[in-house]
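The values are calculated or read from the model by the stated rules, or taken from the named source; none is laboratory data. Keep in mind that this is a model prediction, so the values were computed, not measured. Methodologically, a virtual Cβ is constructed for each residue, glycine included, from the backbone with ideal geometry; neighbour enumeration extends over all protein chains shown.
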Amino acid sequence: MSGLRQYAMNQVRDEIIDAAGLEFGRNGYAGTSFSGIASVMGKPKSVIGYHLFPSKRSLAHAVIAEQDERWQAADARIGVPYGALRWVTMILASAQEAQRSPIAMGAIRLLHELPRMDDPVYTVFDWRAYTRTNLRMEAAAHDLDLPDLDGVADVLLDACFGLVTTTVGDDDAAELSERLITLIRPILATVDPAGAAATTTAAAAAHELVAGPAEH
């Protein structure tokens, strides 16, 4: 395959992933179709060739994989140790990015939905493990022994992702951050009783420096 043809194919693939992210974010996995994705692109359904994406599932996982790289890069930009501040900064940054980037919103909604459809998702940046690890580190820093902390972490992550997915089409990043902080702060107090308010305030001030790009 010539270099020019490969470049053109990569461009089409990127356009498909962008459009798919938008549709998955708006309609969820079940409500998204190849026809709908092609319509967003202003092209016929045939543009989504079998050689690129043989199934809707493969396209969904491609959207997640694209965003996975961005999450890894965002986490690397957070210059604080593992703990509550790192996690809150990351979740706020990711929520802000989701309001600007169709791929980010689509990936978050897919991560929220696919496991409930018995479709495991494997990513390098594992949100569930990341949330658990940061909350454990925070609890350990305060000498707290919380036996069900992993369960608390899972509920917190699901609640945050669920809240983010309700804001599709809403560009008020400040309001979403406030709503997330309101959700997070009382739960965070279980691992950082005295510092939860200060932690969320610091994360709110720092997360814009971490959020990824809006465009592909």
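The table that follows gives values for the structure above.
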item: Breaking point among (1) touching a Phe, Trp or Tyr at 6+ places or on another chain (Cβ under 6 Å); (2) outside any loop (DSSP other than H, G, I, E, B), for Ile16; result: (1)
item: Condition met for Leu22 (of a type in the set (A, V, I, L, M, F, W, C) and within 19 Å of the chain's Cα centre (by Cα)); result: yes
item: When residues of region 24-55 are limited to those that are touching a Phe, Trp or Tyr at 6+ places or on another chain (Cβ under 7 Å) and not aliphatic (A, V, I, L, M), the one nearest to Thr123 (Cα to Cα); result: Thr32
item: Identity of the residue in region 20-34, in a helix (DSSP H, G or I) and touching a residue at least 60 places away in the same chain (Cβ under 8 Å), that ends up surrounded by the most Cβ atoms within 10 Å (Cβ to Cβ); result: Gly21
item: Residue within region 91-99 that is of a type in the set (Asp, Glu) and farther than 19 Å from Leu183 by Cβ present; result: no
item: Any hit, region 135-146, residues being out of contact with any Ser or Thr (no Cβ under 9 Å at 6 or more places or on another chain) and either basic (Lys, Arg) or within 30 Å of Gly21 (Cα to Cα) (or both); result: yes
item: Verdict on Arg86 being of a type in the set (Lys, Arg) and either more than 28 Å from Arg128 (Cβ to Cβ) or under 15 Å from the mean Cα position of the chain (by Cα) (or both); result: no
item: Residue satisfying all of: in region 182-195; assigned to a helix (DSSP H, G or I) and of a type in the set (Val, Ile, Thr); nearest to the chain's Cα centre (by Cα) among these; result: Ile184
item: Checking Ile37 against (1) in contact with an Asp or Glu (Cβ under 9 Å, 6 or more places away or on another chain); (2) in contact (Cβ under 8 Å) with a residue 24 or more places away in the chain, the condition it does not meet; result: (2)
item: Scan of region 113-163 for residues that are over 18 Å from Ala95 (Cβ atoms) and in contact with a Gly (Cβ under 7 Å, 6 or more places away or on another chain), ordered by number; result: Met137, Glu138, Ala141
item: Number of the condition not met by Ser46 [criteria: (1) modelled with pLDDT of 95 or more; (2) not in a loop (DSSP other than H, G, I, E, B)]; result: (1)
